[in-house]
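The values are calculated or read from the model by the stated rules, or taken from the named source; none is laboratory data. The structure presented is a predicted model; accordingly, all values stated were derived computationally and were not measured. Reconstructed Cβ throughout: ideal geometry from the backbone, glycine too, with neighbour counts over all protein chains shown.
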2 protein chains.
Amino acid sequence: MDCLKNQIRILNTFGIQLKNKTKMNTLPTKSDIETAHEKIKPFIHKTPILKSESINKLLDSSLFFKCENFQKAGAFKMRGATNAILSLSKNELQNGVATHSSGNHAGALALAARILNVPSYIAMPENAPQIKINAVKGYGGNITFCKATLEDRERTLNGIVEKTSAAFIHPFDDYRIITGQATCAKEIYEEMKNIDYLIAPVGGGGLLSGSILATKYFSENTKVIGAEPHGADDAFRSIRDNKIYPSVNPNTIADGLLTSLSKKTFEIIKNGVYKIITVKEESIKSAMYLIWERMKIIIEPSSATVLAVVMENPEIFYNKQVALILSGGNISPLFKP
Amino acid sequence: MDCLKNQIRILNTFGIQLKNKTKMNTLPTKSDIETAHEKIKPFIHKTPILKSESINKLLDSSLFFKCENFQKAGAFKMRGATNAILSLSKNELQNGVATHSSGNHAGALALAARILNVPSYIAMPENAPQIKINAVKGYGGNITFCKATLEDRERTLNGIVEKTSAAFIHPFDDYRIITGQATCAKEIYEEMKNIDYLIAPVGGGGLLSGSILATKYFSENTKVIGAEPHGADDAFRSIRDNKIYPSVNPNTIADGLLTSLSKKTFEIIKNGVYKIITVKEESIKSAMYLIWERMKIIIEPSSATVLAVVMENPEIFYNKQVALILSGGNISPLFKP
């Protein structure tokens, strides 16, 4: 947990301290998202949209779950990582890609790089969860372990980039990443019409801002809601007060939602989000267990925030058609006979 | 566990001690299965067939998982229960249906009865798992609790049947049930051609014997394998020695596979199975965790036996097309942050 809290501060500053080699400098357009989708399609799964009669009955609404837990590398992050790599020139690609992360971005970048046949270099804190270290290794990523301090992670990534000339891919403060994540909501709207609300979790805001752009272009009447743990409510406060708050000592089991917004994600979310709704830890746990039990699919806590929003606010969603993005499934549940 | 062991002895004798009201007395034909499938289709899910690139790579074979964990009531049992109820005459139906079970048959029968608008009466041992009691209650089944002894369960069910005139539906020693379970493999063959092997778990043998019949009628070149825990290998020994062994003190986490074969299932399996292969507890656990981790779906231990068979015998399945029935997903995994 300490490691994760450190990571937040790092991610918040990294976008500024490290220069990307190729930039996409303007807000992604409809055509950018369409082009990105065509480009990444051969390398990602078109994930299914599932519904659960029993959960619908329980909550008196019509919920459609977009299952990015079934995405390659177990999370939506694969979309952005693949798009980012495919956006690099041949020249840039030859040196591979680099990032630092103890989470799903690391695994996704390593897998996307392997599929696209370029090397990947990941700075990972020594105390990153073993399951995530194993994933990156399994995907052939070159891990450099570092201490879980801001200084050491910066130093380590800078060292990697200097040595390898690999292209740094920020987890969310990058329009190529945001464009990739936007393809998830685009797929929803291709399959479903008349969605009243789309709910996506918000951490750094890559998925939420991508979802907002896709909604603007492909389903303009849908309202987009960000789901955030009460114990990590920096995005809620940032949008309320119109300034980016850093995420200080977040306290939640939703380990994918600990980062604060970046400049690019803040701008898009500020202009396009209907609401950010915070949820209690209790609700996140209940929502996760409910999905495990009724839908028989494994989702991680960050994904459960979207259902927690509906559970805490049934009046908003009564009789509505609601799309919920289950962002990932990288968790190791235990079995006790 | 003790409760489950008791249940085995009970199920083995029940078929004889209680008379069903309407019998289907001859081996189900191709047309019986086709008719049953059409009848139950509106009330069951056509479950998806999933594959996992990473598991295929790991095991050098081509595996197709038929996901009955996504079936209504969380298990294939819904197929047989629905078919059995739909096979009763109006007259018989008016008094509802009865069974005893602490497992998936109880939940499936209660749900099928609710959907078809008839009452259901379930004798459940007081020490049945809370999650299964909740499922039956949630589906509107009328539970009569009894002690976990053979005598008390018989007495309780007989009491229910006398009082209500409900029709007793045996979990597997019943051709209507076997015919219903056969629709699962039928769906596989409708979607997939050239399946070399079909693997189904074997407990009482309802699913395995249904799968054997469907294979005979719809994919005659496929070899059908039964997967059984080494710690509950009565079916393996029964087929080897050509006599039904009771299941005495079975010891396995696969709680759906504790019963022994019945007369009807034994006859079909004896004549149609390619092999019954037993697997170690270690392999069942590994297979279950592997499916949870790589496929992000929740399956119960009984389902994991089918993958355990492939893991323990890779040489048989090398480069083969293998369909595996994931029989159910009724388990409550724990989350430890």
Quiz item: How many of the residues in the range B:243-261 are small (Gly, Ala, Ser), under 13 Å from B:Ala227 (Cα atoms) and touching a Pro at 6+ places or on another chain (Cβ under 6 Å)?
Solution: 1
Quiz item: Residues in the range B:23-55 that are more than 14 Å from chain A (Cβ to nearest Cβ), assigned to a helix (DSSP H, G or I) and surrounded by fewer than 20 Cβ atoms within 10 Å (Cβ to Cβ): how many?
Solution: 7
Quiz prompt | Qualifying positions in the range B:58-104 - within 14 Å of chain A (Cβ to nearest Cβ), touching a Pro at 6+ places or on another chain (Cβ under 8 Å) and part of a helix (DSSP H, G or I) | solution = B:Phe70
Practice problem: Quick one: which residue in A:Gly107, A:Gly140, A:Gly159 is in a loop (DSSP other than H, G, I, E, B) and of a type in the set (Gly, Ala, Ser)? | Solution: A:Gly140
Quiz item: (1) crowded, with 24+ Cβ neighbours inside 10 Å; (2) more than 14 Å from chain A (Cβ to nearest Cβ): which one isn't true of B:Lys270, the others all being true?
Solution: (1)
Quiz item: Of the numbered conditions (1) at pLDDT below 90; (2) surrounded by fewer than 24 Cβ atoms within 10 Å (Cβ to Cβ); (3) more than 23 Å from A:Leu326 (Cα to Cα), A:Thr156 satisfies every one except a single condition; which is it?
Solution: (1)
Quiz item: Applying the selection to the range A:293-332, what residues are surrounded by fewer than 20 Cβ atoms within 10 Å (Cβ to Cβ) and either closer than 21 Å to A:Cys184 by Cα or within 14 Å of chain B (Cβ to nearest Cβ) (or both)?
Solution: A:Arg294, A:Lys320, A:Gln321, A:Ser332
Exercise. With respect to B:Ser54, determine if the residue is in contact with a Lys or Arg (Cβ under 6 Å, 6 or more places away or on another chain) and either in the same structural domain as B:Ala304 (by TED's automatic domain parsing) or at pLDDT 90 or above (or both).
Key: yes
Quiz item: Taking the range B:61-84 only, how many residues are in contact with a strand residue (DSSP E or B) (Cβ under 6 Å, 6 or more places away or on another chain) and of a type in the set (A, V, I, L, M, F, W, C)?
Solution: 5
Quiz prompt | A:Asn194 vs. criteria at pLDDT 95 or above and not in a helix (DSSP H, G or I) | solution = yes
Quiz item: With (1) aliphatic (A, V, I, L, M); (2) farther than 25 Å from B:Lys132 by Cα; (3) part of a strand (DSSP E or B) as the list, and B:Ala227 as the residue in question, which single condition is left unmet?
Solution: (2)
Quiz prompt | Wholly enclosed helices (runs of 4 or more DSSP H) of the range A:247-316 bearing at least 3 residues touching a residue at least 40 places away in the same chain (Cβ under 8 Å) and over 17 Å from A:Leu59 (Cβ atoms) | solution = A:263-272
Quiz prompt | Sole exception among (1) more than 26 Å from A:Tyr139 (Cα to Cα); (2) under 23 Å from the mean Cα position of the chain (by Cα); (3) at the interface with chain A (Cβ under 9 Å from one of its Cβ atoms) for B:Tyr289, by number | solution = (1)
Self-check item: Within the range A:155-188, considering residues that are of a type in the set (Asp, Glu) and farther than 18 Å from A:Leu261 by Cβ, the one nearest to the chain's Cα centre (by Cα)
Solution: A:Glu187
Quiz item: Say we look at the range B:190-213 and pick out the residues that are of a type in the set (D, E, K, R) and in contact (Cβ under 8 Å) with a residue 60 or more places away in the chain; which of these is surrounded by the fewest Cβ atoms within 10 Å (Cβ to Cβ)?
Solution: B:Glu191
Practice problem: Run A:Gly226 past the list (1) touching a residue at least 60 places away in the same chain (Cβ under 8 Å); (2) crowded, with 21+ Cβ neighbours inside 10 Å; (3) on the phi < 0 side of the Ramachandran plot and report the number of the one that doesn't hold. | Solution: (1)
